[in-house]
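Notes follow the structure.
The values are calculated or read from the model by the stated rules, or taken from the named source; none is laboratory data. Quick caveat: nothing in here was measured; it's all calculated off a predicted structure. When we count neighbours, we look across all protein chains shown, and the Cβ atoms used for this are built from the backbone with ideal geometry, even at glycine.
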Amino acid sequence: MQSKGAIKFFAIAFAIVCIFQLSFTYVAYTIEEEARELFGDDVEKERAYLDSMGTELVYNIGIKEFTYQECKARELNLGLDLKGGMHVTLEVSVEELIQTMSNNSTDKTFRKALEVSKQKQKDSQKDFITLFHESFEEIDPNAKLAAIFSTRELSDRISWENTNEDVISVIRDEAEDAIDRTFKILRTRIDQFGVTQPTIQKQEGTGRIIVELPGVDNPQRVRKILQNVAKLEFWETYEQFEVIQYLEKANEVLSQKLSLDDTTKTDEDASDTNNVANDFFTIDKDDISNDIVGATKDTSASNNDTSASGGLSLMEKLDEDTSGSGDSIPGQQSFEDFAKDNPLYAVLNPAIYTDETGVQRYRSGPVIGYCLGRDTAKVNRYMNIDVVKAAFPKNMKFLWTADPIGTDKPVYELLAIKISRRDGKAPLEGDAITDARQDFGFETGRAEISMSMNSEGARIWKRLTAEASKDENNKKCIAVVLDNLVRSYPVVQGEIPNGRSSITGNFEVEEAKDIANILKAGKLPAPARIVQEAIVGPSLGQESIDMGLMSLIAGFILVFGFMIFYYNIGGFVANLALMVNIFFIIGVLASLGAALTLPGIAGIVLTIGMSVDANVLIFERIREEITAGKGLRMAVIDGYKKAYSSIIDANVTTLLTGIILYTFGSGPIQGFATVLIIGILSSLFSAIFITRLIFEAQIAADKPIKFSNKLTDGAFKNLALNIINKRKVAYTISSVIIICGIISLFTKGLNYGVDFKGGHSYVVRFEDEINTTQLRTSLTNTFEGSPTEVKTFGQKNQVKITTAYKIDDRSTSVDSLVEANLFSGLASFLGDNVSFDQFKDNHRMSSQKVGPTIADDIKIGALWSVIFSLIVIFFYILIRFHKWQFSLGALVALFHDVLILLSIFSIFYGVLPFSMEIDQAFIAALLTVIGYSINDTVVVFDRVREFLNIHHGAKMGPVINDAINSTLSRTLITSLTTLIVVVILFVFGGEIIRGFSFALLIGILVGTYSSIFIATPIVLDLAKEKVVK
């Protein structure tokens, strides 16, 4: 072998680099073990200790010293599925950016175009701006976007003369800039979050940002930090007595409007009205009033509360309803009648208190009413009806408080906000803030956010506070609003000239710090919504590590044993190359900063089986040369030489599928593809060069080398199976299976996972075995009738829950609401003493959310990845073998493998006792099967090509049959070693990847079968000439 010195140098240098990169993992692990020994189970002290070690020098390599923080940054990363954490995909809301650019235009064509675009986006791969442009021109071809977007802010870029295409170009530039700014702001927020090894990256061309936060244990906090726009506003407010007359009018016109609509109102609508009303009155009104009077909101309410003139009629109306039920009581009005006459007050309880004399009075301040959390959407719907909106002045709007009052049931306050600017914006906004920090109130001692303003902000703040406090008998409130929710509304006692302000409320210290950091990082140019989310609990992560290591070790042992048994000394050398291969894979992962995921471990396990293939090809060739009478030295040289073609072709086709999988996949699937690609390249180097160096060194030292023993010496020799003549039987068997599968696909379909259909998915573990039927009934009720799937997942006390409940809701609080409803539905099955926090920590093992838009993108990406793989392989085979028959034969075999795998997953889902979902992991398995199958097929094709070049003038059928027989030894041994590790993966890999490993298991069996009985026989059937030329 030429260039032995260069190969040795490269191998040694590569090994040194891998050792160096992995040494950081060892150092970091050693320090963390010391911390665990020092503090035992006290996680907080352990974290504090490791934080203090961050800047300490802990590793000295002579020429440089590294701190613990630097070692952590360079260690081998574990994916979130192995160490727990949160994976989030955020999508910048281009729709809301467009609305902001138009100054929230009310143009009907513009509004309709936005609505149509939102509907189109669910089933389209086009970006939102393109869809908006198309929809706008479809609705009104003569309408001009310039008329909508020629605002003061865009006056230097858009004028009345600009075409629609010009305006769209400006919008597109603004959107790209907004995504870049959002990315930078989110990075700043995450850096302040204090998570070790966070990852944030943009998905180019999609407007999406991927965030991975290892080890986080508070998903709700993460959601707030990532999704809060940080739009800070300071608003003037109305007093309630200024609003009550309009509220009365609104209630009156709403009652008339609903009465007119009664004839078209469905039973479902009526039932909803009754349920809302009855739910409202499950709260005692006296309790609400007491909560309000005793609430510690920073209103500093003065003692000048007075009964509003003419307002007692409303109080009398409220007093009439004392029954709280639908039954009529003599002399009293039933609640149903009250709700019919006063629909607004049925869901919005007016801000009334009872004074010391027993007289009911309107409360001073801007709060106009109180509402149950679940009824706020109904109030919003009522207040947005045109006739109701017309009952209020144009310079009045309403906002909810961010925090509920009361402890048993969440009740929110509705405030009346005064609009004093012509453009509808707040008089003072967050861009005036120069600094924000968490502090403690001087009088209350509670956590708050202190803020400093620039000179312009301080000037406006001085004017606002002076105006609000000028009347000694009626000092007014200023509402501090963050992301359209009122955080506090203090009464202004006097002018504040120095630009200092604060946000107060019922904050925990951590929440106050987060809000301060968000304000310092800056406002997002457009809202960023979570469209995909995955949470893995730390206990499930540890279980995944244990199962993955068990699979890895078991696979090693069995493959090692088989190789030594079958190939004798050659098996020892192959095993050594395999160990070097695994070492190189881990070292490269550490060098690249790539994360090792559970699918990544599956990729390593699979690499163990597939990397043996190169050694098997070489060893089988060497055995053939020895059988032909050559000496050991020449047999080794010729064996390697003749195996090169098959090894290169087989591995390049698998490498191509790995690259495609990496390109179209995301998250853990990219982790699998990364390991597969590295493994293929590493195994090529180890099998071709490392093993040959060892053999040549042994030959040079006159040491004996054997590639078989007495039991395996004659294995598979002189096989004469008549495979070609039996090909029609194989065609028939395959056709029957595929036809059954197609029938099942049309009648039963496939079990699509959340990845492909969108929704929420949770893995929940209970103390004892659970009845899934009862659990499904409870959750369906909790999720308001939304279809919910509950299946046993692995152990009988563990279930996987999938629901589409509120998956189209894009509000920032929806994920927390779904989790709360999930807990409510599970509470009776978890036990009496399990709190919500305990549920999240100990019972919710993992969760996943995929929005409908990204689910569609994942589905389309998966389809393209399969199609693109088949096209690439077709052309590669055509280039390498120069005959279209080989390409078409390989392509038909691959279609055959894909159809059979899909058929089996359709026929047997719901029958076999494990998950058979069609998700990204299945697509990874499918592409791996395609790579493996073409690997097998190419080896057979290579031998067919060799035989055809030798046997000129012979009939093609017998020549191809002999070629297939001559490769059966390699085909069966490679399949056996790969099946060994996949079976180990299936048994010990855990429930999370059981469906994935089952797909590999079936795929390897089918791929081996098709390479022998489908691909090569089809080459014969497609050949025009049946005689070898």
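This table checks each residue for (1) modelled with pLDDT of 80 or more; (2) touching a Cys at 6+ places or on another chain (Cβ under 6 Å); (3) among the aliphatic types (A, V, I, L, M); (4) more than 29 Å from residue 483 (Cα to Cα).
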residue	(1), (2), (3), (4)
201	yes, no, no, no
223	yes, no, no, no
226	yes, no, yes, no
237	yes, yes, no, no
Next on the checklist: Residues to consider are 173, 191; find the one that is closer than 23 Å to residue 127 by Cα and either surrounded by fewer than 17 Cβ atoms within 10 Å (Cβ to Cβ) or of a type outside the set (A, V, I, L, M) (or both).
Outcome noted: 173
Checklist entry - Which of the residues belonging to segment 498-516 are crowded, with 21+ Cβ neighbours inside 10 Å and modelled with pLDDT of 75 or more? => result 501, 512, 514, 515, 516
Next on the checklist: If I filter segment 784-804 for residues that are in contact (Cβ under 8 Å) with a residue 12 or more places away in the chain, more than 22 Å from residue 914 (Cβ to Cβ), touching a Phe, Trp or Tyr at 6+ places or on another chain (Cβ under 8 Å) and outside the structural domain of residue 921 (by TED's automatic domain parsing), do I get at least one hit?
Outcome noted: yes
Checklist entry - Within segment 204-213, can one find any residue that is among the charged types (D, E, K, R), modelled with pLDDT under 75 and within 28 Å of residue 817 (Cα to Cα)? => result no
Checklist entry - Got at least one residue in segment 164-185 being over 30 Å from residue 134 (Cβ atoms), among the hydrophobic types (A, V, I, L, M, F, W, C) and either touching a residue at least 60 places away in the same chain (Cβ under 8 Å) or outside any helix (DSSP H, G or I) (or both)? => result yes
Next on the checklist: Restricting to segment 697-717, give me the number of residues that are among the aliphatic types (A, V, I, L, M) and surrounded by fewer than 12 Cβ atoms within 10 Å (Cβ to Cβ).
Outcome noted: 4
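Here's the yes/no breakdown for (1) in contact with a Lys or Arg (Cβ under 9 Å, 6 or more places away or on another chain); (2) at pLDDT below 85:
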site: 585; (1), (2): no, no
site: 589; (1), (2): no, no
site: 596; (1), (2): no, yes
site: 603; (1), (2): no, yes
site: 607; (1), (2): no, yes
site: 612; (1), (2): no, yes
site: 625; (1), (2): yes, no
site: 632; (1), (2): no, no
Checklist entry - What number of residues within segment 464-489 satisfy the criterion of being farther than 11 Å from residue 231 by Cα and hydrophobic (A, V, I, L, M, F, W, C)? => result 7
Checklist entry - For segment 993-1002, does any single residue satisfy the condition of being modelled with pLDDT of 85 or more and surrounded by fewer than 22 Cβ atoms within 10 Å (Cβ to Cβ)? => result yes
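Residues checked against (1) in contact with a strand residue (DSSP E or B) (Cβ under 9 Å, 6 or more places away or on another chain); (2) within 27 Å of residue 857 (Cβ to Cβ); (3) acidic (Asp, Glu):
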| position | (1), (2), (3) |
| --- | --- |
| 127 | no, yes, yes |
| 137 | no, yes, yes |
| 147 | no, no, no |
| 156 | no, no, yes |
| 159 | no, no, no |
Checklist entry - Only one of these conditions is not met by residue 940: (1) at pLDDT 85 or above; (2) surrounded by fewer than 23 Cβ atoms within 10 Å (Cβ to Cβ); (3) under 43 Å from the mean Cα position of the chain (by Cα). Which number is it? => result (2)
Checklist entry - Which of (1) of a type in the set (Gly, Ala, Ser); (2) surrounded by fewer than 18 Cβ atoms within 10 Å (Cβ to Cβ); (3) under 30 Å from residue 113 (Cβ atoms) is the odd one out, the single condition residue 52 does not satisfy? => result (3)
Checklist entry - Within segment 157-193, how many residues turn out to be farther than 23 Å from residue 522 by Cα and among the polar types (S, T, N, Q)? => result 5
Next on the checklist: Just the residues that are touching a strand residue (DSSP E or B) at 6+ places or on another chain (Cβ under 9 Å) and within 22 Å of residue 989 (Cα to Cα), please, taken from segment 782-796.
Outcome noted: 791, 792, 793, 794, 795
Checklist entry - Hey, which of the helices (runs of 4 or more DSSP H) in segment 41-153, taking only ones fully inside, have at least 2 residues that are within 28 Å of residue 600 (Cβ to Cβ)? => result 43-52, 68-74, 80-83
Next on the checklist: So, in segment 798-830, how many residues would count as being surrounded by fewer than 14 Cβ atoms within 10 Å (Cβ to Cβ) and over 24 Å from the mean Cα position of the chain (by Cα)?
Outcome noted: 1
Item to check | Sole residue being of a type outside the set (Lys, Arg), loosely packed, with under 11 Cβ neighbours inside 10 Å and over 30 Å from residue 219 (Cβ atoms), chosen from 6, 11 | outcome: 6
Checklist entry - If you take the residues in segment 66-97 that are under 17 Å from residue 207 (Cα atoms) and of a type in the set (S, T, N, Q), which one is surrounded by the fewest Cβ atoms within 10 Å (Cβ to Cβ)? => result 93
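One line per residue, one yes/no per condition, for (1) out of contact with any Gly (no Cβ under 8 Å at 6 or more places or on another chain); (2) under 25 Å from residue 242 (Cα atoms); (3) touching a residue at least 12 places away in the same chain (Cβ under 8 Å):
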residue	(1), (2), (3)
432	no, no, yes
439	yes, no, yes
467	yes, yes, yes
474	yes, yes, yes
489	no, yes, yes
499	no, no, yes
520	yes, no, yes
Next on the checklist: Condition first: modelled with pLDDT of 80 or more and among the small types (Gly, Ala, Ser). Can you find one or more residues in segment 527-535 that meet it?
Outcome noted: yes
Next on the checklist: Of everything in segment 803-840, what is modelled with pLDDT under 80 and touching an Asp or Glu at 6+ places or on another chain (Cβ under 8 Å)? Give them in sequence order.
Outcome noted: 812, 831
Checklist entry - Quick check: is even one residue across segment 357-370 in the same structural domain as residue 241 (by TED's automatic domain parsing), in a loop (DSSP other than H, G, I, E, B) and of a type in the set (S, T, N, Q)? => result yes
Checklist entry - How about segment 553-608: which of its residues are outside any helix (DSSP H, G or I) and among the polar types (S, T, N, Q)? => result 568, 597
Checklist entry - Which of the residues spanning segment 122-136 are surrounded by fewer than 20 Cβ atoms within 10 Å (Cβ to Cβ) and within 19 Å of residue 526 (Cα to Cα)? => result 127, 130
Checklist entry - Of everything in segment 718-763 that's in a loop (DSSP other than H, G, I, E, B) and surrounded by 12 or more Cβ atoms within 10 Å (Cβ to Cβ), which residue is modelled with the lowest pLDDT? => result 719
Next on the checklist: Suppose the filter is surrounded by fewer than 19 Cβ atoms within 10 Å (Cβ to Cβ), in a helix (DSSP H, G or I), under 45 Å from the mean Cα position of the chain (by Cα) and touching a residue at least 40 places away in the same chain (Cβ under 8 Å); does residue 644 pass it?
Outcome noted: yes
Checklist entry - Can you pull out the residues in segment 354-385 that are buried (at least 17 other Cβ atoms within 10 Å of the Cβ) and more than 43 Å from the chain's Cα centre (by Cα)? => result 360, 361, 362, 363, 364, 365
